[in-house]
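To start, the structure itself, in structure tokens.
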Amino acid sequence: MTGKIRSKVLKVILSTSLGALLLLSVTSMIGIVIMRQAVMVHSDQLGKTAADNSQTALEVQVQQQLVSLAQDKAALTDSKLSLIQNQTKMVAEIASHIYTYKDQYSPKVIDYLQSSQAGTTILHLRTASGVSFNDIRNEVYLAANVGDILRQITVVDADINASYIGGEAGYFITIDKVASDLHALDYDARTRSWYIGAKEENGLFWTDIFADSSGRGASISCAMPFYDLSNGNKIFKGVAGSGTTLSENVNQIIDSTKIGETGYAFLLNNERGQVIMTPKMTDIYTDENGVIKGEDYLHSNNPALRELAQRMVNRERGLTELEMDGTGVYVAYHPLNAINWSLGVVVPIEEVIIPAKLIEQDIIQLTKTKLIEMNHTIVAICLIMVVVILLVASITVFLGLRLSNSLTAPIISLRDGALTVSAGDLNHRLEVKTGDELETLSDTFNQMIDNIQYVTAEKERIGAELNVATKIQASMLPCIFPPFPKRNEFDVYAEMHPAKEVGGDFYDFFLVDKNKLAVIIADVSGKGVPAALFMVIAKTLIKNHAQMDKPLNEVFYAVNNQLCENNDTSMFVTAFIGLLEVNTGKFTYVNAGHNPPAIKNGDQGFTWLTTKPGIILGAMEDMRFKMIETTLAEEDMLFLFTDGVNEAMNRQDELFGSERILEVLNAGMTKDNLIQDYIKDMLHEIQVFAEGAEQADDITMLMLRRTASR
């Protein structure tokens, strides 16, 4: 059955379209032959008569066209340069905004071009010789926020080869379409003509035309300074620039401007009176500064050419007649607005007097006497074509109606059924009996509905069970704070945020007796329901043994052996347990492969507590654990956490890390945080760092503080 619908459609389309094409082709050929014969009979007479007509009207028309052409080509060139000019201005304004409102921008890392990136279009950094990157790192990373707009301009705009900013501090951030591996890593933008010119001009600046160092031909750069405008000041910070290769964009305008056989266009630098671009310039000559040199019209031996150059230098527009290279020519000229250039269009006078346009008019006039005969022929052809088109249309309509009756009914049934199911009626079933793919689709759709019903029911059941499990697990952890409102010798607070509905992390704290407070934090391998079940067992065992007032190393010894029994899934627990003697501040602890806590002693800030990691719980029987002792003075604090904190990741797969943990904790000291504030600050910083990335592991934190005597 596969392919029946396709065959039906193809048969109808091919039979009608090929038949129509054949008929139209035959009739078209008949008409062409008839008209060709009529034209050939009178062509000689038309040519002889047209050759005798005057050339005056053509000369006037061509002169007007030359002036319009010069104006249009100048406007087109202006539009390209103005776009580059506007984009350069936009980059400078964005750079000024970044410097002015630097607190709104985060640092963006940018590096020098690596060897593996050679030849690619990539944003990279270059610095001036003698400038230390470490000295300007912060400014470079701030300025790198302009990288997105540089990349967008260079990649999207085909006319721009490179976009860049150069800083007064000695950095140069650029993206170049071609041969980025040709550039040395050291580059002092402050010595370049585009930088110096924009800085001195204190505004938009176009360089003179120069030979591109990457071999792309004649080029120019547009540049504009940017500033730090904060606090009412205007401090110069650097220059933004865009480079374009004239041979790739403006030269296309020059090359495409062809009038007659030898007419052409050229560009004149109004400041120097020299020709800087023409199709005749096959080689590029530069002076000692790399500036491209062209023919000097302003100091030509030809007086008429000098007068033309002076008018163009004065930014005049118009048309003149003169002799160039021994040939009389018309020259139309028009200034550019974006840059101090003028565009000229040259056409030999002898080509203008060729009466091509008048010949065309004469042919039209003389053929009027034959229009009646040709009209009769055209009418006959049109009648034939109308009959053929009507015939093809009738056949197409007839076949289309028959095809629609066999195809649209089941398709409409499928559509209505899909709408009914999408509205929530999962008991609806489709009934299509066509014997082709539509019937197969209907059966598949019904099967899909059955699968959806089953999956939906299972999902609801599992969701309900997980919801109950989440509540059970949450109820097993201490969640009322303060937990010991009548005790003022210490304060404790904790939170657990599972990565899934249930997790494998847990914490606990309880009084062993009136003078001993036990604190526990642990992380079960894995996630989800298996980890949650193992967590319940581990938590219960640790608490039961700890409440017997055993030494902490003996507690972990007994718990480890019990967890190893019948542990076919090879699950394990990393755990840290500590015991605080409230009246003396003596704190004993044991670490079973867990992250060491952070401790604050006095006013020195948080550091890492010295621990003996020990082996994890549940891995091997009869393992011994090292118990360590320290002292917590009044207002000393301990921060216990699982690896969901230090191993939290952002969208770039970077870890939150231990250094940030200490930074957040020490920042909390400056705000006189309550112990719950330390945990809430840490959770907030993790969320900011993650940038919306999915939480990969359970996050559990516990804070203990020995309070001052009251």
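The values are calculated or read from the model by the stated rules, or taken from the named source; none is laboratory data. Every value quoted in this text rests on a predicted model; they were computed, and no experiment measured them. For neighbour counting, all protein chains shown are included, and Cβ atoms are generated from backbone atoms with ideal geometry for every residue, glycine included.
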Among the candidates Asn86, Asn53, which residue alone is at pLDDT 75 or above and either assigned to a helix (DSSP H, G or I) or of a type outside the set (Ser, Thr, Tyr) (or both)?
Asn86
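If you check Ser394 against the conditions, is it modelled with pLDDT of 70 or more, over 30 Å from Thr27 (Cβ atoms) and part of a helix (DSSP H, G or I)? Break it down stepwise before answering.
On the way: modelled with pLDDT of 70 or more: yes; over 30 Å from Thr27 (Cβ atoms): no; part of a helix (DSSP H, G or I): yes.
Criteria not met by Ser394.
Only residues that are over 29 Å from Ile153 (Cα atoms) and either modelled with pLDDT of 65 or more or not in a loop (DSSP other than H, G, I, E, B) (or both): list them for the range 271-285, please.
Here is the first cut: in the range 271-285, the residues over 29 Å from Ile153 (Cα atoms) are 271-275, 280-283, 285.
Of everything in the range 271-285, those that are over 29 Å from Ile153 (Cα atoms) and either modelled with pLDDT of 65 or more or not in a loop (DSSP other than H, G, I, E, B) (or both) turn out to be Glu271, Arg272, Gly273, Gln274, Val275, Tyr285.
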Test set (1) surrounded by 11 or more Cβ atoms within 10 Å (Cβ to Cβ); (2) modelled with pLDDT of 70 or more; (3) under 30 Å from Leu702 (Cβ atoms); (4) of a type in the set (A, V, I, L, M, F, W, C) - Ile472 fails condition number
(2)
Does Val502 satisfy being within 24 Å of Ile679 (Cα to Cα), among the β-branched types (Val, Ile, Thr), modelled with pLDDT under 90 and under 43 Å from the mean Cα position of the chain (by Cα)?
yes
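Does the range 543-597 hold any residues that are among the β-branched types (Val, Ile, Thr), assigned to a loop (DSSP other than H, G, I, E, B) and either touching an Asp or Glu at 6+ places or on another chain (Cβ under 9 Å) or touching a residue at least 40 places away in the same chain (Cβ under 8 Å) (or both), and which are they?
If we filter the range 543-597 for residues that are among the β-branched types (Val, Ile, Thr), which is where we start, we get 555, 559, 569, 573-574, 577, 582, 584, 588, 590.
Of the ones still in play, those that are also assigned to a loop (DSSP other than H, G, I, E, B) are 569, 582, 584.
Hits for the range 543-597 are Val582, Thr584.
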What is the number of the single condition among (1) modelled with pLDDT of 90 or more; (2) closer than 19 Å to Gln87 by Cβ; (3) part of a loop (DSSP other than H, G, I, E, B) that Ser163 does not meet?
(3)
Out of the residues in the range 423-463 meeting the condition of being closer than 30 Å to Lys500 by Cβ and of a type in the set (Gly, Ala, Ser), tell me which one is modelled with the lowest pLDDT.
Gly463
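Hey, can you tell me all the residues within the range 533-572 that are among the β-branched types (Val, Ile, Thr) and either surrounded by 19 or more Cβ atoms within 10 Å (Cβ to Cβ) or at positive phi (or both)? Steps first, answer last, please.
Going residue by residue through the range 533-572, those that are among the β-branched types (Val, Ile, Thr) are 536-537, 540, 542, 555, 559, 569.
Those that are among the β-branched types (Val, Ile, Thr) and either surrounded by 19 or more Cβ atoms within 10 Å (Cβ to Cβ) or at positive phi (or both): Ile542, Val555, Val559.
For the range 86-101, give me each residue that is over 22 Å from the mean Cα position of the chain (by Cα) and either among the basic types (Lys, Arg) or surrounded by fewer than 15 Cβ atoms within 10 Å (Cβ to Cβ) (or both). Spell out how you get there, then give the answer.
Taking the range 86-101 first, the residues over 22 Å from the mean Cα position of the chain (by Cα) are 96, 99-101.
Residue satisfying the conditions is Tyr101 alone.
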Output for Cβ contacts, cut-off 6 Å, separation at least six or different chains, first residue of a type in the set (Gly, Ala, Ser) in the range 641-668, second crowded, with 22+ Cβ neighbours inside 10 Å and in a helix (DSSP H, G or I), reads Ala648/Ile686; Gly668/Tyr678
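Any idea which of Asn161, Asn138, Asn134 is of a type outside the set (Lys, Arg), assigned by TED's automatic domain parsing to the domain that holds Tyr227, out of contact with any strand residue (DSSP E or B) (no Cβ under 8 Å at 6 or more places or on another chain) and touching a residue at least 24 places away in the same chain (Cβ under 8 Å)?
Details: Asn161 fails: out of contact with any strand residue (DSSP E or B) (no Cβ under 8 Å at 6 or more places or on another chain); Asn134 fails: touching a residue at least 24 places away in the same chain (Cβ under 8 Å).
Matching residue, one of Asn161, Asn138, Asn134: Asn138.
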Listed by first then second residue, the pairs whose first member lies in the range 670-684 and is in contact (Cβ under 8 Å) with a residue 12 or more places away in the chain, whose partner is of a type outside the set (Lys, Arg) and in a helix (DSSP H, G or I), with beta carbons under 6 Å and at least 6 positions apart or on separate chains, are Tyr678/Gly668; Asp681/Val664; Asp681/Gly668; Met682/Val664
If a residue must be modelled with pLDDT of 90 or more and loosely packed, with under 15 Cβ neighbours inside 10 Å, how many such residues does the range 108-127 contain?
1
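Out of Gly614, Gly602, Gly585, which single residue is touching a helix residue (DSSP H, G or I) at 6+ places or on another chain (Cβ under 9 Å) and either in the same structural domain as Met496 (by TED's automatic domain parsing) or surrounded by 14 or more Cβ atoms within 10 Å (Cβ to Cβ) (or both)? Even if it seems obvious, please write down each step before you answer.
Values: Gly602 fails: touching a helix residue (DSSP H, G or I) at 6+ places or on another chain (Cβ under 9 Å); Gly585 fails: touching a helix residue (DSSP H, G or I) at 6+ places or on another chain (Cβ under 9 Å).
Every option except Gly614 fails the conditions.
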Of (1) modelled with pLDDT of 90 or more; (2) not in a helix (DSSP H, G or I), Asp148 satisfies all except one. Which?
(2)
